[in-house]
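K.L.:
I'd like to ask some things about the structure below.
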Amino acid sequence: MAAGGSVAALVEDFVSGQQDGAAKDLATGVVDGKCTALEIVEALGTCLTNSEPRTRGRGVQLLSQVLLLTYSSLNQKEVEVLAVFYIDRLKDHHLITPHVLHGLKALSMSSVLPEGLAVVILKALFQEVHVQSLLQSDRHSVYSIITNFMDTREQELKGLAADFTFGFIQAMDGEKDPRNLLMAFQISRDFITNNYELGTFVEELFEVTSCYFPIDFTPPPNDPHGISQEELVLSLRSVLTATPRFAEFLLPLLIEKLDSDVQSAKVDSLQTLTACCKEYRKKELKEFLPALWHSIRREVFQTASEKIETEGLAALQALSTGLSKSVIDSDAEDSLDTFLNNVLQDCKHHLCEPDMKLVWPSAKLLQAAASASSRACSKITGCIFPLLLEQFNKHKQSSQRWTILGILKVFIKLTHKWDRDEEDENPLCAFKDQLCILVFSALTDSSVQLQTVGASTLAVLGSQQGLLSPSDIELTVEHLNRLILQEGDPQVCAAAFEASTTISAIHPSAFISKMVPALTQELSTEPMEVKAGDGPSAPTGNTLHQRSIQALAAISTHPSIMRRTVPALLQHLTDLQKGSAGTERKVAVLTCRSLQLVAEHCQGAGESSQYFHQLVVPCLLGLAVQAAVQGCGSEVPLGVLCEESVIAALGAVISTAYGHRHTELASRTISQVVALYLDGDVSFLPENNLPRKFQPFQPPDSPWPQTQLIALLQAAVCSLPKTVVVPQQESLLTHLMELCCTSSHQFTYTSAAKCIAGLINKYPAGEQLDSILQDLLKKMDRGLQTNAGDCSQSASRTRIFTLLLWLTKALVLRYHPLSATLTDKLMQLLTDPALGTEAASGFALLVSDSADVLNKATHADVRIMYRQRFFTENVPKLVQGFHSASQDNKSNYLKALSHVLNSLPKQVLMTELPSLLILLLEALSCSDEVVQLSTLGCLHPLLLDAPQIMSLHIETLVNKLLDLTSSPAMKVRIASLQCMHALTKLPPHVILPLKARVIQALAKPLDDRKRLVRKEAVAARGEWFSRQSLAQQDRQARAPFPTEKSQL
Amino acid sequence: MGARPVGGSGAVMAAGLRLENANPLIYGRSSERPLTAREQDGLEADCIDGREIFDLIRSINDPEHPLSLEELNVVEQLRVNVNDDESSVSVAFTPTIPHCSMATLIGLSIKVKLLRSLPERFKVDVHITPGTHASEHAVNKQLADKERVAAALENSHLLEVVNQCLSARL
C-alpha cells in the first residue's frame, strides 16, 4: 500500500471491483501503521449506508476481513467504536449477519476491548440473531465469540448471571454439525466447571446436551476434519458427568438407554455411569440404586458380549466406590450396606445352585462390588467365604471344585488390595484354617486343573503378611517340594514354581530349612535312577535334575536363600566337570542359566551383588581355568567346562554380574580378572594350585582350551558400566589384536574380535582412540590385501574379516566418524570372491541386536536411531553397487540390502520403498531364499498401502509372484501367496484383466504338499474369485433377489 | 460375534422375505487348528484331512442369519469324509429345519467353496444329511448335476449371493 490516499482506491477495488486481495493489502497497511481501521470505515462511508444490502454486506465483509488480520494492533478507542458499530449492524439485513459475526469474532479476540462491552455484545447476539438458522461456519463464529469471551472475561460474563446460560442454551438448541457440537459441548462443560450461574436452567442445559446421548456418528469417508465418534462421545460425556446437579436427570436417562438393543448405546451408558460415579455420592445415587443394579445385573447375566460385561462390572465397582466414599449419617441407614445386601441377595443363591450355571457371572458381580473399598470387601467376603467353603466340600467333582477354588482365589487376592491399619484384623483370619485345609486337599487331588489352581491359590494366601502360621508354611513347603520333585504334569509344576517364588520372598526360613536341602539332595543322586513305586506319569531322573536346578533359581528371592542356593549350583557345576562331557552339556548350560537368573534378580541389592563379585565370579573363572589348564596336553578327556556352549553360558553369568550398577565393587575385582589374563596371576581364584601356567595370550603356543576363555574376559570387561575404567586397556587391546590375527580357533578369534569391539565402543573419544583405530585399520588393510586371492591364506582373511565386522558394528552404534570408512570396506568385500557371501550375511549382524555384547544390558554406547541412520547412509550406496556389480555379485548386494531393509519397521520404510521398487522387483528373481523372503516381506505392505505405484508393475509382479509359488522353500511359497492375496486390493481395472489367468495359476498351489501353503492358496484364490468389475457390482446392487424357484 | 440372533442378514431381508427360523439354536465355534511342528517343517508332506475340509466350509455365512454354518450346526466335522489318495470328498449338511428354503443355496455355497479351494483332481460330493429335509432328494439331485451348478453360477445375481456367503467375516 503506497499512501493513505489509496485506502479509498483499495476499498473501491474490493467493494465494486470484487477483488478479494484488496482486504489483505489493507490489513498489511493497518499493521504497518500506514492507515487505521477507522480510516477504512470512513473510506467505506456511503457503501455502509447504501440501500442495497449486498453492497452493505460487501463493505462489512471487507472491514471484518481486515479486523481478523489486525485485531491485535487496534487501540482501545478503535475497538470500542467498532464494537458499537457492529452491535448496531446485528439489527441489519440477514445477508449482512455472517460478516458482522466475523467482525465480532475478531473483536472478541482483542485484549483491549473495554470492560462491559463483552456483555453488551453477547446480549445483542442472543437477542438479534437466531443462531440455528445460520450456516455452519457462521454458527461456528458464534461459538467462537462465546468461547473467546469465556476465556478472557469470565468475571464480566458472570455478571450476566442466568441470562447468559439461557442465551447459550437457545443458541445451541438443535445444533447438528459435529464440528460445532464439539465446541458447544466444550462451552457447556466450562459453564459448569467454572461455576457460571445456571439458575433455574439446570434441567434445560441438561436437556439441550443430553438429547445427543448416546451419540451415533459415522464420519464421512475422507473427512478432512477428522472428527471421530470417540471424540464426540467423550466430549458429551464430560458435560453430562460434570456436575452432581444433573444426577436426577442423567441416571434415569442411563437406565432407559441400558434397555436399548444397540450394543454401542449400552456400552456408552455404562461408561457414562462409571464416569459420573466419581462425583456422585449417596445423595445423588440413593433413589436410583435398585433400578441401576437391576440393569447392570441383567446385562452381566445375559450378555454375549465381553465388552458389555466388562463395562457393566466397571460400573458396578464405580457405584460401590461412590457409596463407600459417602459420609454415613448417624440416623439414616448405611446405603452401602443396603446396596451390598441387595447385591448379595441376588447373587448368593447362584453360587449354591447345583448346576452352577450362573456361578461365574455372579462371582464377577460380587467381586466388582467388593473391589470398591475395604469396607465393601469385608462385608462381601464375610458373607461369601463360608458359603464357598461349604460348596467346595459339597461338590465332589473336581471340575466343580476347580470353579469354586478359582473364585475363592480372586476373593483372597482382593483382600490384599488395601493397606490395613495395625489393629484391623485381616478378614481372612477367621477362615484361614479352613482355607488351608481346602487348598492342601486340592493339591493332593488327581485333577491337574485343580492342582494348578490350588498352587496359585496357595501363592496368594502365602503372600499375605502374617496370615499363615509357621506350621502352615512348613506344610506348604512340603507340598511344594512334592509337586516340584514328584509331579509329572509340567503345568502343575510351573504353578508350584511360581508359588515358591512368591512365598519364599516372604517366608525365607522355611525354604532354607526344607526346600533347599531337598533340591540339593535330588541333584546329588544319580540322574538315571528311576524311583520305584511312582506311576508312569512320574518325572524321570533327568527332568528332576533340571527342575531342581530351575527351582533353586526360582526361590532365590531373598539374600539369605541365595547364599544357600548359589553354592549348591556351583557345587553342581563342579560335579558335572568330573563326569563325562556330552550328556551333561545341557545340564551345565541350564545350571549357568539358573545362576544368571539369580544374578539378574539381585541386580539392585548391594549385598547380593557383592556376593557375586567376590565369590561367584572367581569361583566360575577358577573352574573354567582349571578345566582348561588340565585339559591341555594331558590324556584325560576334556571336561564339560571346555565346551563352547558351556563357556558361553558361563560368560552370560559373569556378564550379568559385571553389568550390575555397583561400580566400586566392579572396579575392585576387574583388575584381578585382567591380571589373570595378562600375567597369569591366579591368586584370587579359590583353588589355585594349577599343574601348568594359564597363559591365554601367548600364541601360537597357547593351546585353544586356554585361548577360548577369552570369551569370559570379554564377558567381564565388555559388560562394565561406562564409569568403570578397564585397567591396562591398551595392553589388552594389543594382545587381543595379536590373538585375533593369529589364532586358528574360530571361537577364540571371534571372542577376541567381540572383546575388541566391546572395548572400542566404550572407549572415550579423542586422539588416543583415533590412533588406536588408525593402527587397527592399517593392520586390517594389510591383512586383507596381502593375501587376497591366495587360497592358502583364506583362514587368515576370514579372521581379519571377523574383526572388521565387529569393529564396524562397534563404531556404527556410537556414530563414530570412522564408521563410514569401515562400512565402505565391508561393502567392497561384497565383490570379493572368497568373502563376498560372508560380507553379505555380515550386514545382518550390523543392524540386529547381538545377545552377549554391544547391547543395552552391557551398557554399550548405542545411539537410538542408529538403524535409520545406517539405512539412509548406506542403502543408496548398496543400490548403486548393485547396478554396477557383475552378475555374480548382484545377489550379495541384494542380500545385504535385504538384511538392512528387514531391520527397520515397515512403517518407517514405507516412504523409502517406492524408490527401491525396481530393485525389489529384480530381487524377486534372485535365487537366494533369504533375499526372496525379505523382498516379499517388503512388497506385501506396499501392495496394501501404495496401490497406485504397484499398479504400474502389475504384469511383472504377477509373473514373478506366480513363479515363486512353486519355490522349494515353504516360507517363500507362503509369502508369495500372501502377496498374490494382497494384489486383490489393487484397483479393479488393474487386476480384472488378469483374473482368469491368476485363478487358473493358483489352482496348482491348492495341491501343495504343505497344509500352511494350501491355506494361503485357498485364501488368495477365493479373494480373486470374488473380485468383480464396478459395473457388475452396481448392476447387482440394484437387482432384486432371485426367487427360490429360479435358482437352479 | 455371537450376539443373539434377532435380525436377519441383508440380502435376503431386502427381498422382504420373513425369516423361517427366527431363533435357531447356536453352537460354539471350534478353536483354530493348532500349528504342529510337523506342519512347519518344509520337508514333511501333510495330507488333506477331514479337519482341513471342515476348516474350509465352517466359516461360510448362513444366508439368513449373521452366523456361520458351524455355529448353526449345519456342517459338522464328523459329516465330512475325505480320501486324499482317491481324490474324493463327501460333505453332508443338515438344514436347521426340514422345510428350509435356503437348503439349495447353502448346498451350492458349500459346493462352490470346495470347487474353488480343492485341487482339480478331487471329486466333490455335497448332499443333505439323510432324513433332515423335506425335499432332500430334489436338492441332492440339483447339487450333483454339473450342468445345473455351472448354469446357476452364470446367473450373476446368484453368484453375488454365493460370494456374499463365502466372503470373510469382519
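The values are calculated or read from the model by the stated rules, or taken from the named source; none is laboratory data. As the structure is a computational prediction, the values presented were derived from the model and not from experiment. Because the Cβ atoms are built from the backbone with ideal geometry, glycine has one as well, and the counts that use them run over all protein chains shown.
K.L.:
Please determine, by comparing only the residues of the range A:82-116 that are surrounded by fewer than 19 Cβ atoms within 10 Å (Cβ to Cβ) and hydrophobic (A, V, I, L, M, F, W, C), which one is nearest to the chain's Cα centre (by Cα).
P.N.:
A:MET109
K.L.:
Tell me yes or no: at least one residue of the range A:238-259 is farther than 26 Å from A:MET183 by Cα and either assigned to a loop (DSSP other than H, G, I, E, B) or polar (S, T, N, Q) (or both).
P.N.:
Within the range A:238-259, one or more residues are farther than 26 Å from A:MET183 by Cα and either assigned to a loop (DSSP other than H, G, I, E, B) or polar (S, T, N, Q) (or both).
K.L.:
Please state which one of A:LEU901, A:LEU830, A:LEU894, A:LEU878 is within 25 Å of the chain's Cα centre (by Cα), closer than 17 Å to A:GLU922 by Cβ and touching a residue at least 12 places away in the same chain (Cβ under 8 Å). Before you say what the answer is, go through the steps one by one.
P.N.:
Details: A:LEU830 fails: within 25 Å of the chain's Cα centre (by Cα); A:LEU894 fails: within 25 Å of the chain's Cα centre (by Cα); A:LEU878 fails: within 25 Å of the chain's Cα centre (by Cα).
When all the criteria are applied, what remains is A:LEU901.
K.L.:
Among the residues of the range A:285-296, is any of a type in the set (Asp, Glu), buried (at least 19 other Cβ atoms within 10 Å of the Cβ) and assigned to a helix (DSSP H, G or I)?
P.N.:
If we filter the range A:285-296 for residues that are of a type in the set (Asp, Glu), which is where we start, we get A:287.
With buried (at least 19 other Cβ atoms within 10 Å of the Cβ) added as a condition, the list becomes none.
Checked the range A:285-296: no residue is of a type in the set (Asp, Glu), buried (at least 19 other Cβ atoms within 10 Å of the Cβ) and assigned to a helix (DSSP H, G or I).
K.L.:
I've got another one for you. If I filter the range A:83-93 for residues that are more than 20 Å from A:LEU125 (Cα to Cα) and outside any loop (DSSP other than H, G, I, E, B), do I get at least one hit?
P.N.:
Scanning the range A:83-93, I find no residue that is more than 20 Å from A:LEU125 (Cα to Cα) and outside any loop (DSSP other than H, G, I, E, B), so the answer is no.
K.L.:
Conditions: (1) loosely packed, with under 15 Cβ neighbours inside 10 Å; (2) in contact (Cβ under 8 Å) with a residue 12 or more places away in the chain. A:LYS77 meets all but one. Number of the miss?
P.N.:
Of (1) loosely packed, with under 15 Cβ neighbours inside 10 Å; (2) in contact (Cβ under 8 Å) with a residue 12 or more places away in the chain, only one is false for A:LYS77: (2).
K.L.:
Let me ask another. Of these, A:CYS383, A:CYS347, which one is crowded, with 21+ Cβ neighbours inside 10 Å, more than 33 Å from the chain's Cα centre (by Cα) and over 22 Å from A:LYS282 (Cα atoms)?
P.N.:
Unique residue meeting the criteria: A:CYS347.
K.L.:
With respect to A:ILE255, is the statement that it is under 30 Å from A:PHE166 (Cβ atoms), in contact with a Ser or Thr (Cβ under 7 Å, 6 or more places away or on another chain) and surrounded by fewer than 19 Cβ atoms within 10 Å (Cβ to Cβ) true?
P.N.:
Working: under 30 Å from A:PHE166 (Cβ atoms): yes; in contact with a Ser or Thr (Cβ under 7 Å, 6 or more places away or on another chain): yes; surrounded by fewer than 19 Cβ atoms within 10 Å (Cβ to Cβ): yes.
Answer is yes for this residue.
K.L.:
Taking only pairs six or more apart or across chains, which ones have beta-carbon atoms under 7 Å, a first residue in the range A:999-1026 that is more than 8 Å from chain B (Cβ to nearest Cβ), and a second residue that is in a helix (DSSP H, G or I) and aromatic (Phe, Trp, Tyr)?
P.N.:
Every condition considered, the pairs that remain are A:ILE999/A:TRP1024; A:ILE999/A:PHE1025; A:LEU1002/A:TRP1024.
K.L.:
Being more than 15 Å from the chain's Cα centre (by Cα), within 13 Å of chain A (Cβ to nearest Cβ) and polar (S, T, N, Q) is the filter; apply it to the range B:121-156 and report the residue that is nearest to B:LEU108 (Cα to Cα).
P.N.:
B:GLN142
Residue-wise test of (1) part of a helix (DSSP H, G or I); (2) modelled with pLDDT under 90; (3) β-branched (Val, Ile, Thr); (4) over 27 Å from A:LEU1002 (Cβ atoms).
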| site | (1), (2), (3), (4) |
| --- | --- |
| B:ILE97 | no, yes, yes, yes |
| B:LEU108 | yes, no, no, no |
| B:LEU114 | yes, no, no, no |
| B:ARG121 | no, no, no, no |
| B:ASP125 | no, no, no, no |
| B:ALA151 | yes, yes, no, no |
| B:VAL162 | yes, yes, yes, no |
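K.L.:
Sort out which residues of the range B:157-170 are facing chain A (nearest Cβ under 9 Å) and either at positive phi or among the charged types (D, E, K, R) (or both), and write them in order of number.
P.N.:
Hit for the range B:157-170 is B:GLU160, nothing else.
K.L.:
Filter the range A:834-875 down to the residues that are without any contact (Cβ under 8 Å) to a residue 24 or more places away in the chain and not acidic (Asp, Glu) and list them by number. Lay out the reasoning, then the answer.
P.N.:
Quick first cut of the range A:834-875, residues without any contact (Cβ under 8 Å) to a residue 24 or more places away in the chain only: A:849, A:851, A:855-856, A:864-865, A:872.
Those that are without any contact (Cβ under 8 Å) to a residue 24 or more places away in the chain and not acidic (Asp, Glu): A:ALA851, A:ASN855, A:LYS856, A:ILE864, A:MET865, A:THR872.
K.L.:
Let me ask something else about it. Applying the selection to the range A:727-772, what residues are of a type in the set (D, E, K, R) and surrounded by fewer than 16 Cβ atoms within 10 Å (Cβ to Cβ)?
P.N.:
A:GLU730, A:GLU738, A:GLU767, A:ASP770 - these are the residues of the range A:727-772 that are of a type in the set (D, E, K, R) and surrounded by fewer than 16 Cβ atoms within 10 Å (Cβ to Cβ).
K.L.:
If the Cβ limit is 8 Å and pairs must be 6+ apart or interchain, which residue in the range A:444-466 that is in contact (Cβ under 8 Å) with a residue 12 or more places away in the chain and in a helix (DSSP H, G or I) pairs with which residue that is crowded, with 20+ Cβ neighbours inside 10 Å and among the charged types (D, E, K, R)?
P.N.:
A:LEU450/A:ARG401; A:GLN451/A:GLU487
K.L.:
Of the residues that sit in the range B:107-120 and are at the interface with another protein chain (Cβ under 8 Å from one of its Cβ atoms) and surrounded by fewer than 19 Cβ atoms within 10 Å (Cβ to Cβ), which one is nearest to B:LEU56 (Cα to Cα)?
P.N.:
For the range B:107-120, the residue satisfying everything is B:PRO119.
K.L.:
Does the range A:648-655 include one or more residues that are out of contact with any helix residue (DSSP H, G or I) (no Cβ under 7 Å at 6 or more places or on another chain) and either of a type outside the set (A, V, I, L, M, F, W, C) or modelled with pLDDT under 85 (or both)?
P.N.:
No, the range A:648-655 contains no residue that is out of contact with any helix residue (DSSP H, G or I) (no Cβ under 7 Å at 6 or more places or on another chain) and either of a type outside the set (A, V, I, L, M, F, W, C) or modelled with pLDDT under 85 (or both).
K.L.:
Right, something else. Enumerate the helices (runs of 4 or more DSSP H) found wholly within the range A:840-948, keeping only those where 1 or more residues are at pLDDT 85 or above and of a type in the set (A, V, I, L, M).
P.N.:
Correct list: A:866-884, A:887-903, A:913-923, A:929-945.
K.L.:
Could you tell me how many of the residues in the range A:979-1024 are polar (S, T, N, Q) and touching a helix residue (DSSP H, G or I) at 6+ places or on another chain (Cβ under 7 Å)?
P.N.:
We begin by selecting, within the range A:979-1024, every residue polar (S, T, N, Q); these are A:984, A:1000.
Among the residues that remain, those that are also touching a helix residue (DSSP H, G or I) at 6+ places or on another chain (Cβ under 7 Å) are: A:984.
Total satisfying the criteria: 1.
K.L.:
Checking the condition loosely packed, with under 15 Cβ neighbours inside 10 Å, at pLDDT below 85, farther than 26 Å from A:PRO490 by Cβ and not aliphatic (A, V, I, L, M), which residue from A:ASP419, A:ASP433 passes?
P.N.:
Of the residues listed, the single one that is loosely packed, with under 15 Cβ neighbours inside 10 Å, at pLDDT below 85, farther than 26 Å from A:PRO490 by Cβ and not aliphatic (A, V, I, L, M) is A:ASP419.
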